[in-house]
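The values are calculated or read from the model by the stated rules, or taken from the named source; none is laboratory data. Because the structure is predicted, anything quoted here is derived from the model rather than measured. Neighbour counts are summed over all protein chains in view; Cβ atoms, including those assigned to glycine, are modelled from backbone coordinates with ideal geometry. Surface areas here come from the heavy atoms of the whole protein model, side chains and all, with no ligands, DNA or RNA. Shrake-Rupley method; radii C 1.70, N 1.55, O 1.52, S 1.80 Å.
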Amino acid sequence: VPAARPGRLYTAADPLELLGPGAEGRLLGSSSAWAVEFFASWCGHCVHFAPTWRALAHDIREWRPAVILGAIDCADEDNQQVCSDFGITGFPTLKFFRAFSKKPEDGIRITNPSATVEELRHAIITNLEQSQDAWPPACPPLEPASAEEVRTFFQRNKDQYLALIFEKSHSFVGREVALDMLQYENIAVRRVLSSEEELVEKFGVTSFPSGYLLFRNGSFSRLPVHIEARSFYTYSLRTLAGITRGSYKLNFTDSASNETDRDRVSHPLRADRSKLYMADLESALHYSLRVEAARPSSLSGAQLAAFKCYVATLVKYFPGRPSVQTYLQTLDAWLKNWTEPELPRAVLKEAMKNNRDASHPSVLPTNVTWVGCQGSERHFRGYPCGLWTIFHLLTVQAAQNGPDKELPLEVLNTMRCYVRHFFGCQECAEHFEAMAAKSMDRVASREEAVLWLWSHHNEVNARLAGSDTEDPKFPKLQWPPPDLCPQCHKEERGVHAWEEPAVVTFLKAHFSPANIYMDYAEPDPIPAAREGPGARLGTEGPREERGRGEEEEKETEGEARVPVRPGSPEPRRPSIVRLNPKFRDGGEDIVDLDSFSEQHFKSQALRAAVGRRRRISKRDTMALARDAAVGREHRRGPGVLLREEDVGESLRRSPWLRVLGLGFSRLDISLCVALYFLSSMCLLGMYTFFRLRTRARKGRPGFPMA
C-alpha cells in the first residue's frame, strides 16, 4: 500500500482506510463492527498484491459498518510502534479483528494474503460466523433461516420486503447478498438451505441458488435475474420500489439533513432509462456554453483554444435539431473569425445569443429541463449527468461517422481540455485529469475511445458511490445494468466481469440519434418542424403511420388518376419532418403530424368523391364539362384538383351523416342498420310473447273453495 497521510479514507473505488498512530483505538473495542487490516510496506512485493486488496475493498465496500477495511503502512516511521504492538514481523500480513476485541493479540491472521478476491471474501465471512461473543448490532443475521422465522418475519419487523436466497450449505451467495444490502432500508435478506424442505416445497424451488421475494401481504415472486449470482441479486433488490440507501456514509461524515420542500423536485418528469432525451442534451449544452465557459472574465490562450475546439467538435458530431445545429455552426464560424488574443466575456455572451428572426433560426434553448438526468432533489444529478451523456454521444458518433483509426483521441482530447479549463468542480477535474494522464494515450481507435470513456465513467461512479453527492433515489451503479443489457455481464471465478464486445454494441445503439427522444424539449422555432411526445431524432415518424400512408397512396392511385394542372410536377406525398438536415432529401416537402393526419382523412373524402363521379349520368358529365370550361375548380390537397360539384355534394350531406360515416364504408353502415333492425324485431317479439302469456294466466279459472 503506498504511503499516505495517516487517517486518510479511501472510499468507493479505494475504500481502504489508511491508519496511522492511534490505530489501536480504531481496531480495538468496537462494539458494532469487525475490522480487517492490511499491514504492508512500500516494497515491490507488497505492491504486487495491492491490486487484489484494492479489488477486495471495492468489492465489499457496501459491507460497512459491519466490516471495515483498513491499511497500515509499516514503512512509515510514524507507524513503527503500531506495527510492533500488533506483532507484525513480515509483509504483507492480514489480520481479522472481531467486534469487542480488547487487545492487539486478539487479531486473527489470515494465512493466505495472496488469495483471490473471492477466497478472501469467503474467509472474512467464515471469521464473522465464528464470533463467540454477542452478535454486533451493525451486522445482519447470517445463519440459515427456518420456516418459523420466515412465517413470522413481518409480524416482528417493519421491512417492506424479505428476500430469500435458497442455496446449498457450502454456498456463500446468500450471506454475501445480505451484507451487500446492509446499507439499504425496507428490505431484509435471509439465506435458506436446500435441506429446509418445508420452505423449498412451499416456494417450488428446483435449482440452487435461487432468489425469491416475499411481500408483506404473503405473496411472493422469483427475482427476475439474468444469472443466478450475487451481483445480479444485489442489483435486482436495490432497484425495487421503496428501497433506499440508509444514512450511513462510507466517509464517516455526519451531514445534517437540511432538506426543504424547495429542494425537492415538485413534479418529477417520467423518464425511460433506455432512452436519451434532447431536453437533457440541450440543457447541458446551454449550461456548458453560456454558464461554465462564460464564467471567466475573458478567454485567452489555452482556455480560448479549448473553447474553440469544444464548439468545433460539437458542430462535427452533435446530432442536434436544425436550429441548434445552425446555432453551433454560426458560433463556430464566429469563433474562427475572432483573431484577437483575448475574448471578453461580454462579447462572447453577445455572440451566443439566439437569433429567431433569421431565415434559418439559430436557437439553443435557454431553459434547463432535466428528464433522464433529473434527480430526486435539485442539487442531485442534472448537469454532470448531461455532460457525461453529451461526451458519450460524441464518442459514439465519431466512431460511427469516420475511419476507426483516424484521430482516435479527437473527442477525448476535447473533453479533457474542456474539463480541465471549464468544469466547475475542481476536485472532479483533477480526478479526470489523473485518469486521462494515466491511460488515455493508449487509445488507438475510435471504438477504443468509446470503451475508454465508458469504463472510466464506471470508475467515477464506483468512487462516488455512497458519498454525499450520490442521489439516494438514483444510486451510482455500474452501467449498463443487467436489466438494460444482460448480455454485457458475466461472472469469472465468482467475480463480476464485463463482456466488452456486447458493451460496444449496446453503447452504439443507446447513444445513437435514433434513440434521442423529444419529450419535454422546447418546441422547435421552425414552424413546420413540430415535435410531439415520443418523436425521435433522425426518423421519419412512427412506422405504422408511414406504412398506413403508403397504403393509402397505393389505394388512391389504384382507384383514380385525378388530373393535375399542366406543367406542374407529379404530386407526391409529403413525409413527416426529419429533424436532422443530414438525413433530409433535397426537395422533400415538410409537414407536421397534424397535417399528415389531415391529409389522411382528405384522401378518404377524395376517394369517396371519385367513386360518386363514376356513378353519375351522362347529363351530369356534360354539366361537369361545362363547369370545367368556366374554370371553377378547387384545390384539394397538394397538386390534386376537385370539381366544385364533387365538393358541393359532399358538403350538402347531413352533418350527422358525415360524423357517423367518418372512417366507415357503406358495407359497415348497412350491417349496422341491419343488426339494429333485427335487434328491434327481437325485442318486439319478446314483448309480444310475455304480454300474451300474462293475459292467458289472468283468464284461467280458479279452483273452488272447500
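A few remarks follow.
- Residue in the range 354-364 that is touching a Gly at 6+ places or on another chain (Cβ under 9 Å) and either of a type in the set (Lys, Arg) or assigned by the TED database to the domain that holds Ala312 (or both) present: yes
Conditions (1) more than 19 Å from Cys428 (Cβ to Cβ); (2) buried (at least 21 other Cβ atoms within 10 Å of the Cβ); (3) touching a residue at least 40 places away in the same chain (Cβ under 8 Å); (4) touching a strand residue (DSSP E or B) at 6+ places or on another chain (Cβ under 7 Å), marked per residue:
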site: Pro341; (1), (2), (3), (4): yes, no, yes, yes
site: Val347; (1), (2), (3), (4): yes, no, no, no
site: Thr366; (1), (2), (3), (4): yes, no, yes, no
site: Trp370; (1), (2), (3), (4): no, yes, yes, no
site: Phe380; (1), (2), (3), (4): no, no, yes, yes
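- Filter pass, Val311 being open to solvent by 10 Å² or more (accessible area, probe 1.4 Å) and out of contact with any Gly (no Cβ under 8 Å at 6 or more places or on another chain): no
- Within this structure, Ser131 fails the test of being in contact (Cβ under 8 Å) with a residue 12 or more places away in the chain, assigned to a loop (DSSP other than H, G, I, E, B) and touching a strand residue (DSSP E or B) at 6+ places or on another chain (Cβ under 6 Å).
- Residue count for the range 408-424, restricted to those that are part of a helix (DSSP H, G or I) and within 15 Å of Cys385 (Cα to Cα): 2.
- Lone qualifier among Ala306, Ala294, Ala284 - being within 18 Å of Cys425 (Cβ to Cβ), surrounded by 22 or more Cβ atoms within 10 Å (Cβ to Cβ) and in the same structural domain as Asn355 (by the TED database): Ala284
- The criterion of being open to solvent by less than 30 Å² (accessible area, probe 1.4 Å) and in contact (Cβ under 8 Å) with a residue 24 or more places away in the chain does not hold for Pro486.
- Verdict on Leu394 being open to solvent by less than 10 Å² (accessible area, probe 1.4 Å) and either modelled with pLDDT under 90 or not in a helix (DSSP H, G or I) (or both): no
- Some residue of the range 463-472 being under 18 Å from Lys275 (Cβ atoms), assigned to a helix (DSSP H, G or I) and either at pLDDT 90 or above or not assigned by the TED database to the domain that holds Tyr233 (or both): no
One line per residue, one yes/no per condition, for (1) part of a loop (DSSP other than H, G, I, E, B); (2) over 37 Å from the mean Cα position of the chain (by Cα); (3) at pLDDT 80 or above:
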{"position": "Glu62", "(1), (2), (3)": "no, no, yes"}
{"position": "Ile72", "(1), (2), (3)": "no, yes, yes"}
{"position": "Gln80", "(1), (2), (3)": "no, yes, no"}
{"position": "Cys83", "(1), (2), (3)": "no, yes, no"}
{"position": "Ile88", "(1), (2), (3)": "yes, yes, no"}
{"position": "Lys95", "(1), (2), (3)": "no, yes, yes"}
{"position": "Ala99", "(1), (2), (3)": "yes, yes, no"}
{"position": "Thr126", "(1), (2), (3)": "no, yes, yes"}
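- Residues of the range 479-509 that turn out to be within 19 Å of the chain's Cα centre (by Cα) and charged (D, E, K, R), as a count: 2
- If you go through the range 200-223 and pick out every residue that is hydroxyl-bearing (Ser, Thr, Tyr) and buried (at least 17 other Cβ atoms within 10 Å of the Cβ), you end up with 2.
- Of residues in the range 144-171 being open to solvent by 40 Å² or more (accessible area, probe 1.4 Å) and free of Cβ contacts under 8 Å to residues at least 24 places away in the same chain, the one farthest from Glu201 (Cα to Cα): Lys158
- Single match in Glu491, Glu522 (criterion: outside any strand (DSSP E or B), modelled with pLDDT under 95 and not basic (Lys, Arg)): Glu522
- Test: Val503 is β-branched (Val, Ile, Thr), at pLDDT 95 or above and either out of contact with any Cys (no Cβ under 6 Å at 6 or more places or on another chain) or not assigned by the TED database to the domain that holds Tyr235 (or both): yes
- Breaking point among (1) within 25 Å of Thr469 (Cα to Cα); (2) surrounded by fewer than 17 Cβ atoms within 10 Å (Cβ to Cβ), for Phe232: (2)
- Residue tally, condition hydrophobic (A, V, I, L, M, F, W, C), surrounded by 18 or more Cβ atoms within 10 Å (Cβ to Cβ) and touching a Ser or Thr at 6+ places or on another chain (Cβ under 7 Å), over the range 489-530: 1
- Hits in the range 314-333 (condition: open to solvent by less than 40 Å² (accessible area, probe 1.4 Å) and assigned to a helix (DSSP H, G or I)): Leu314, Tyr317, Pro322, Ser323, Val324, Gln325, Thr326, Tyr327, Leu328, Leu331, Asp332
- Selection within the range 172-199: residues that are of a type in the set (Val, Ile, Thr) and open to solvent by less than 20 Å² (accessible area, probe 1.4 Å). The member of this set that is nearest to Pro140 (Cα to Cα) is Val189.
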